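Computed from the coordinates by the stated procedures, all read-outs in this text should not be read as laboratory data. Because the structure is predicted, anything quoted here is derived from the model rather than measured. For neighbour counting, all protein chains shown are included, and Cβ atoms are generated from backbone atoms with ideal geometry for every residue, glycine included.
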């Protein structure tokens, strides 16, 4: 693996919209978790989704603020759940199966109870 290959991977995958098998938006890939040992091959283990994944990417004071507003939840989407990557990341499973769409589903349930007339 070339030294810049991991940077290209991050540049091409991180911050892409994630779409589940049913065509629903499920968030954005905030980081990537790799698996491997020194001197051995690196493999993608999972996509990290959620405000907790920002911790290593932003200053501590800013993460403190993000954590107070949005929490520090991180969902690890297994690499095996990724079907293909183009301008978006497409999953081969429903978002709920890998722990995504928690907040979206909560809001949908709340708005279903709002009278329309």
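If a spin label sat at a point 7 angstrom from the Cα of residue 12 along the line to its beta carbon, the backbone N atoms of segment 30-60 nearer than 15 Å would be those of 44.
Could you work out the percent of alpha carbon pairs in segment 5-112 separated by over 17 Å, rounded to a whole number? Result: 57 percent of Cα pairs exceed 17 Å. Beta bridges per DSSP, both residues in segment 5-112: antiparallel share near 90 percent.
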